[in-house]
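> Let me begin by handing over the structure; questions about it come next.
Every number in this text was worked out from the coordinates using simple rules, so none of it is lab data. Everything numeric here is computed off the predicted structure, so don't read it as measured data. Note that we place each Cβ from the backbone using ideal geometry, even for glycine, and neighbour counts take in every protein chain shown.
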Amino acid sequence: MDKIIIKGGNPLSGKIQISGAKNAALTLIPAALLTEEPLTLRNLPRLADVDTFGHLVNQLGVSTEIEGKRPEVFGRVMTLKAGRITSTEAPADINRKMRASVLVLGPLLARCGEARVPLPGGCEIGARPIDLHLKAMEALGAEINIGQRFVTATTKSGLKGGHIVFPIVSVGATENALMAATLADGETIIENAAQEPEITDLAQCLIGMGAKISGVGTSTLIIKGVTRLHGDTYSVMSDRIEAGSYACAAAITGGDVELVGALPETFGAVIEKLEAAGVAIETTENGIRVSSTGRISPVDIETQPFPDFPTDMQAQMMAMLSLANGSSVLTETIFENRYMHVGELERMGANIQVAGRTATVRGVKELTGAPVMATDLRASMSLVIAGLAAKGETQVLRVHHLDRGYERLEEKLSAVGADIERVSGD
């Protein structure tokens, strides 16, 4: 199994190209199920999760053609064509690898009148039930049957417009409901919809395909169903979490890095906390510039749905704040078990106390390299960030997590001065 070896202490300097957003790509791929015409997605990141979702829709009968296979090129172009859907069942083996596979539920139900998706199991960072997805489909007229391993959704005469009010904000359920409603008969209103930029990206793609959607970017979406959607070419937005992660890497090393393609409006809450920590953020013609003296001030953070601070940036900020001059308090409100990286950061000398959903990070003078184990995608990146600033050598194990969400991480960091390499290990 591969591992990443980092020799810390080098300030990062130069430019990093921000890739297409993983979370947007995983929503745009199933949108291809809504039409028999080709959907071409540009700026698609080279990630394990994207490849896995491509294999999933292949098993449903979707053909995929990929351009930009050259290893020296960031991003790819994928054309998906669901001319004839041959299966309406999402494979259980893929669902175990990637929970976003539930996002085929709405499109399959809207296009074919039926869908069968595996029930979710446990998750290392917390439970992710699909009850809100199912209630949204019921509000559009679907009949839901829950078995031991699968959920089956059917509709005898097509989906009907309905009124969906989410009791809590759910990104995935909003995405599923939005896609299903585009082909429903009549008007659908989605209230308390998630407002994440990736949902705006999906809505813009669907509009390009002929959907009628208003309220994009707000908590109330209004969709007037159409009888069919057509193909389109759409460019995936840049990854706000990747941009925030590299911003933390630049800050903790006292670096000066331009994040090319970063969209500051998509992660304003992260930028606000970075600036409060003493990191300089400057908008450039091509993205943002992040510079730091390496002196980090403590800040308090509470994760909340967009536009507030994202849970996907909590671990990376914790790593940066482990070298702050003072104590920071982080509160995780989205997932109940997202502090699994704490023990690994402590191996490197971090001083962190966890009580329930609150973590108190008392800054230390230095971190020391150590062998550490990645537990999930964002936790993996927090260990890389810590390793970039640590004294000595850090070995990050189980790096397959990183491959799910960071395109060619070692190459990007090496290009701005990091001493980092991937090696094969037992």
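> For Cα pairs less than 8 Å apart in space and 6+ apart in sequence, what is the mean separation divided by the residue count of the chain, i.e. the relative contact order in percent?
With pairs under 8 Å counted, the relative contact order is 21 percent.
> Based on the Cβ-Cβ distance of SER414 and HIS55, what FRET efficiency does E = 1/(1 + (r/R0)^6) give at R0 = 25 Å, to the nearest 0.05?
The computed FRET efficiency comes out at 0.25.
> Can you tell me the 0 to 90 degree angle between the C-alpha axis of helix 240-252 and the longest principal axis of the chain, rounded to 10?
Value to nearest ten degrees: 0.
> Out of these labelled values of Cα extents along the principal axes in Å, [x] 71, 49, 40; [y] 65, 46, 44; [z] 99, 51, 42, which was calculated from the coordinates shown here?
Computed from these coordinates, Cα extents along the principal axes in Å corresponds to label [y].
> Same structure again: If you find the alpha carbon centre of the stretch 305-360 and of the stretch 1-17, how far apart are they in angstrom?
Computed from Cα coordinates, the inter-centre distance equals 21 Å.
> What are the trypsin sites (Lys or Arg not before Pro) within the stretch 345-426 that DSSP puts in a loop, where the Cβ has at most 12 other Cβ atoms within 10 Å?
In loop regions of the stretch 345-426 (DSSP not H, G, I, E or B), the sparsely surrounded trypsin sites (Lys or Arg not before Pro) are LYS365.
> Could you give the spread of the C-alpha atoms of the stretch 323-426 along their three principal axes, from largest to smallest, in whole angstroms?
So the three principal-axis extents are 37, 29, 26 Å.
> Separate question: Regarding the stretch 22-235, what whole-number volume in Å³ per residue does the convex hull of its Cα atoms give?
Spread over its residues, the Cα hull of the stretch 22-235 gives 109 Å³ apiece.
> Provide ILE271, ILE385 in ascending order of the number of other Cβ atoms located within 10 Å of each residue's Cβ, fewest first.
ILE271, ILE385
> Helix 377-389: angle to the longest alpha-carbon principal axis of the chain, degrees 0 to 90, nearest 10?
It works out to around 20 degrees.
> Oh, and also: Which whole-number percent gives the relative contact order of the stretch 1-123, counting Cα pairs below 8 Å spaced six or more residues apart?
26
> So how strong a dipole does the stretch 22-235 carry about its Cα centre when Lys and Arg Cβ are +1 and Asp and Glu Cβ are -1, to the nearest 20 debye?
My answer is approximately 280 debye.
> Positive end of the dipole of the stretch 22-235, charges at C-beta (+1 Lys, Arg; -1 Asp, Glu), about the Cα centre: which of ASN23, THR188, ALA48 has its Cα farthest in that direction?
Farthest towards the positive end: ALA48.
> Can you find, among ILE296, ILE207, THR64, the residue farthest towards the positive end of the dipole of the chain? Put +1 on the C-beta of Lys and Arg, -1 on that of Asp and Glu.
Result: THR64, furthest along the dipole toward the positive end.
> Pairs of Cα atoms under 8 Å, at least six residues apart: use those to get the relative contact order of the stretch 294-426, whole percent.
Dividing the mean separation by the residue count of the stretch 294-426 yields 21 percent.
> Only sites in a loop by DSSP and with at most 16 other Cβ atoms within 10 Å count here; which trypsin sites (Lys or Arg not before Pro) in the stretch 3-38 make the cut?
none
> How large is the charge dipole for the stretch 255-307, taken about the Cα centre, if only the Cβ atoms of Lys, Arg (+1) and Asp, Glu (-1) carry charge, to the nearest 20 debye?
140
> Helix-derived [θ] at 222 nm for the chain: sum -39500 (n - 2.57) over DSSP H runs of at least 4, divide by residue count, nearest 500?
Mean residue ellipticity, 222 nm, calculated: -8500 deg cm²/dmol.
> About the Cα centre of the chain, how large is the charge dipole given +1 on each Lys and Arg Cβ and -1 on each Asp and Glu Cβ? Please answer in debye to the nearest 20.
Here the size comes out at about 520 debye.
> Arrange the following residues from fewest to most other Cβ atoms within 10 Å of their Cβ: SER87, SER13.
SER87, SER13
> Same structure, new question: Subtract the Cα-Cα distance of ASN286 and GLU366 from 0.36 nm times their separation in residues, and report this length gain in nm to one decimal.
Taking ASN286 through GLU366 to full extension adds about 25.4 nm, to one decimal.
> In degrees, nearest 10, range 0 to 90: what is the angle between the Cα axis of helix 171-181 and the longest Cα principal axis of the chain?
Helix 171-181 sits roughly 20 degrees off the main axis of the chain.
> Taking neighbour counts of Cβ atoms within 10 Å as a proxy for exposure, in what order, fewest first, do LEU140, LEU397 appear?
So the residues, fewest neighbours to most, are LEU397, LEU140.
> Working out 0.36 nm times the residue gap between THR358 and ASN337, then minus their Cα-Cα distance, what length gain in nm do you get to one decimal?
6.5 nm
> For the pair GLU302 and LYS391, how long in nm is the line joining their label points, each one 7 Å along Cα→Cβ?
Calculated label separation equals 3.7 nm.
> Another one. How about the stretch 282-361: which GluC sites (Glu not before Pro) there are in a DSSP loop, with at most 11 other Cβ atoms within 10 Å of their Cβ?
Taking the stretch 282-361 and a limit of 11 other Cβ atoms within 10 Å, the loop GluC sites (Glu not before Pro) found are GLU285.
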